[in-house]
Structure formats: structure tokens, C-alpha cells
1. Which of (1) without any contact (Cβ under 8 Å) to a residue 40 or more places away in the chain; (2) over 21 Å from residue 130 (Cα atoms) is the odd one out, the single condition residue 116 does not satisfy?
2. Quick one: residue 18 ticks every box in (1) buried (at least 19 other Cβ atoms within 10 Å of the Cβ); (2) out of contact with any strand residue (DSSP E or B) (no Cβ under 8 Å at 6 or more places or on another chain) bar one, so which box is it?
3. Touching a helix residue (DSSP H, G or I) at 6+ places or on another chain (Cβ under 8 Å), within 17 Å of residue 3 (Cβ to Cβ) and either in contact (Cβ under 8 Å) with a residue 40 or more places away in the chain or surrounded by 16 or more Cβ atoms within 10 Å (Cβ to Cβ) (or both): is that true of residue 84 in this structure?
4. Would you mind stating whether residue 17 is part of a helix (DSSP H, G or I) and either over 13 Å from the mean Cα position of the chain (by Cα) or more than 14 Å from the ligand (Cβ to nearest atom) (or both)?
5. Determine the pairs where a residue that is at positive phi and without any contact (Cβ under 8 Å) to a residue 40 or more places away in the chain, located within region 38-56, has a partner that is buried (at least 20 other Cβ atoms within 10 Å of the Cβ) and not in a strand (DSSP E or B) with Cβ atoms under 6 Å apart, the partner being 6 or more residues away or on another chain.
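Here, each number is a calculation from the coordinates, and none is a lab measurement. Because the structure is a prediction, the values reported are computed rather than measured. Every residue, glycine among them, receives a Cβ derived from its backbone with ideal geometry; neighbour counts consider all protein chains shown.
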Ligand code: ZN
């Protein structure tokens, strides 16, 4: 596989407003976008730090993936996302190397990126997202 840089780190939070307050007023970052991703049942808030972003995730439904995650493990780091080129080829490569794919085909994520997830049981416990900027 070939990874370009850490595109973002996804962080599950219980309350987006109070988390944004912390990231802005304590860490001094600026939220530049809030976006709801309906099929993932999340509301997201984005911050830039260098070429990497932080993506805060609040569930809009207790049964959504973030709702279940927080239920089981509490707030905290949820996934790490790597920027790649040719996402389809990267997925094929990962799969050929024995990695279980959550998404066999790229789908649309926040920020208009094509994304796909690798299963944490194949990645030493880290839910891993691959993102391609297809603009
Ligand atoms: Zn993400």
C-alpha cells in the first residue's frame, strides 16, 4: 500500500458543542465546518492542524456506529484516516495482503472525499480509514 499523510483523526464525543468549546477555547483551534453525514448517523466538526484535520463525531442516533462505540468504550479516538491516491487499488492491495475490508468499494464520506474503512481486527485494533480527494 502507499499512504500519503494522516488526513484526519476521528474522535468520538458525546456532545459536539461542548467538545468544540474545548478544542477552540483550550487548544486554540478553529472549527471551520460542521457537517451531518446522514448514512453514518453522525454530526461532524472539523479542525485543521497542519495538513492534518481533527474530525469530532457526535452520533445523531444511539444505534449509529458512534453511538455504539461510545456506549462500549466511552469518548475517545475512534479512527485514523490516511490520505491515498487510487483508493480502489489501495483497497485491492490491502485485501490481497489479508486485511478484512469494511468497505469493499469506496463510498462518499464527509468533506466530499471518497472513503473506505479497514476492519480493526486486521489492523491491530485501529479502525483505519483511507481517503481520496477526487476533486
Ligand atoms: Zn473519518
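1. The single condition residue 116 does not satisfy is (2).
2. It is condition (1) that residue 18 fails.
3. Taking the combined requirement at face value, the residue satisfies it.
4. Values: part of a helix (DSSP H, G or I): yes; either over 13 Å from the mean Cα position of the chain (by Cα) or more than 14 Å from the ligand (Cβ to nearest atom) (or both): yes.
For residue 17, the condition - part of a helix (DSSP H, G or I) and either over 13 Å from the mean Cα position of the chain (by Cα) or more than 14 Å from the ligand (Cβ to nearest atom) (or both) - is met.
5. Going by the 6 Å Cβ cut-off, there are no qualifying pairs.
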